[in-house]
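The values are calculated or read from the model by the stated rules, or taken from the named source; none is laboratory data. As the structure is a computational prediction, the values presented were derived from the model and not from experiment. FYI the Cβ positions are ideal-geometry reconstructions off the backbone, even for glycines, and counts take in every protein chain you see.
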Amino acid sequence: MNDVLPEVAGTWRHLERVVREVVESYGYREIRLPILERTDLFRRSIGEVTDIVEKEMYTFADRNDQSLTMRPEATAGMVRAGLTHGLFHNQRQKLWTVGPMFRYEKPQKGRFRQFHQFDVEAMGYPGPDVDAELILLCARMWQRLGISRLTLEINSLGTDRARARYRDSLVEYFSGVKSSLDEDSIRRLDKNPMRILDSKNPDLKEIIAAAPVMLESLDDESAAHFAELKRLLDAAGIAYTVNPRLVRGLDYYNRTVFEWVTDALGSQGAVCSGGRYDGLVEKLGGRSTPAIGWAMGIERLVALYEVCGGQAPATGPHIYVVAAGDGAQAAGFRLAESLRDGITGVRVEVNLGGGSFKSQLKRADKSGADYALIIGAAELEGQRAGVKPLRSNDEQTEVGFDRLVDELSDRLG
């Protein structure tokens, strides 16, 4: 698990703000979910024969011997909340949430056991238009953030009936090469052979490449849905690649699945992934409700943003108040408050802990402030403060206390 230090937290806050603004510009509303859910929720939704349920969940019994799990993903909790509060009854919902998730994974660069996701879901929309909207929304995020090293991969997993036919063809194929499969794949062969396609074992790469393709087993309705999605993306100028091996790691997906991937982060290529889960609401006890969503790892987004040269806006103070001498500290606090009252969004830091003018000016410079506001005995007597530019060679000037707000507001723009 990982700490996010102040030097990086500003980048996180900037990216979260931009993503939130883009998502809400498409009409999605925030929902906040608990970190703990009943374990059965994830077993029923994600699937018993998945790495998440089998190996990665943080699960424990509470004092009432109720099995609880720290959420490994957000979609199941989103659906549970919708059912709990009647959000799907004769309604359509466009929702987003953000927060920490937990998976007991092998530690490696860019992958932590506590990680953070931005999650966007649309419930009650059956057509490919909402699939296209969620992909367009992502493209707008990349544009706003100046991220270019991403490509879009899409696929269709069809309906449950089509997947059942495809499952039979996979069982037949993989049974014929069973002696070459690893232990995990052999175990999955009977229960969920599509998970074999998601194997990261390099020794299985050629075997998986020769397996039957889901797109060849699609039902007519899913094929038409996928064709219309591609038409909408083409019309919007969104480049994509059809990846017939893209199946996603959760059992609840059907029809459209997609991933935004990058070559800039080594083996951790997927940055934003999602797809349809039209049967999940019904599976968890609700009425049949079409749904689609995506999740984006914030840690990977931050890493990609930095690789692409992105820089978050400065978070240091605009003004650092340097105060020395009798009465100067009290005057500094008073002037700092007047600046915060009078200039929207201004960041003012007052020197704490005393020190000479020289030592305080060193702190002011180190803080990254644009200006030092200097108050000493002479300034107090004349009711004027020294305004010293710290990021330019301009001369220090004196400004009356009563004019500081207007003067610094103009200088800060």
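List of remarks:
- Filter result (small (Gly, Ala, Ser), closer than 20 Å to residue 274 by Cα and more than 22 Å from the chain's Cα centre (by Cα)) within the stretch 38-85: 47
- Qualifying residue in the stretch 183-191 (condition: of a type outside the set (D, E, K, R) and modelled with pLDDT under 85): yes
- Members of the stretch 105-125 that are outside any strand (DSSP E or B) and exposed (fewer than 14 other Cβ atoms within 10 Å of the Cβ): 106, 107, 109
- Residue count, the stretch 94-150 (criterion: touching a Pro at 6+ places or on another chain (Cβ under 7 Å), under 24 Å from residue 255 (Cα atoms) and of a type in the set (Lys, Arg)): 0
- Qualifying residue in the stretch 111-128 (condition: among the charged types (D, E, K, R) and more than 17 Å from the chain's Cα centre (by Cα)): no
- Candidate set from the stretch 236-251 (those that are over 19 Å from the mean Cα position of the chain (by Cα) and within 16 Å of residue 196 (Cα to Cα)); member that is modelled with the highest pLDDT: 243
- Matching residues, the stretch 308-335, being small (Gly, Ala, Ser) and free of Cβ contacts under 8 Å to residues at least 24 places away in the same chain: 330
- Matching residues in the stretch 367-394 - criterion: being within 23 Å of residue 316 (Cβ to Cβ) and either in a strand (DSSP E or B) or among the acidic types (Asp, Glu) (or both): 370, 371, 372, 373, 374, 375, 385, 386, 387, 388, 389, 394
- Among residues of the stretch 268-301, those that are in contact (Cβ under 8 Å) with a residue 24 or more places away in the chain and more than 18 Å from the chain's Cα centre (by Cα), counted: 14
- Criterion applied to 233, 280, 204 was being buried (at least 21 other Cβ atoms within 10 Å of the Cβ) and modelled with pLDDT under 95, and the one residue passing it is 280.
- Taking residues in the stretch 142-160 that are at positive phi, and partners anywhere that are buried (at least 21 other Cβ atoms within 10 Å of the Cβ) and assigned to a loop (DSSP other than H, G, I, E, B), the pairs with Cβ atoms closer than 6 Å and at least 6 places apart or on different chains are 158/218.
- Candidate set: the stretch 368-389, residues that are surrounded by fewer than 17 Cβ atoms within 10 Å (Cβ to Cβ) and closer than 17 Å to residue 347 by Cα; chosen: the one modelled with the lowest pLDDT: 368
- Subset tally (residues that are in contact with a helix residue (DSSP H, G or I) (Cβ under 8 Å, 6 or more places away or on another chain) and either within 22 Å of residue 281 (Cβ to Cβ) or buried (at least 18 other Cβ atoms within 10 Å of the Cβ) (or both)) for the stretch 126-138: 7
- Subset of the stretch 400-413 [more than 18 Å from residue 330 (Cα to Cα) and surrounded by 11 or more Cβ atoms within 10 Å (Cβ to Cβ)]: 403, 406, 407, 408, 409, 411, 412
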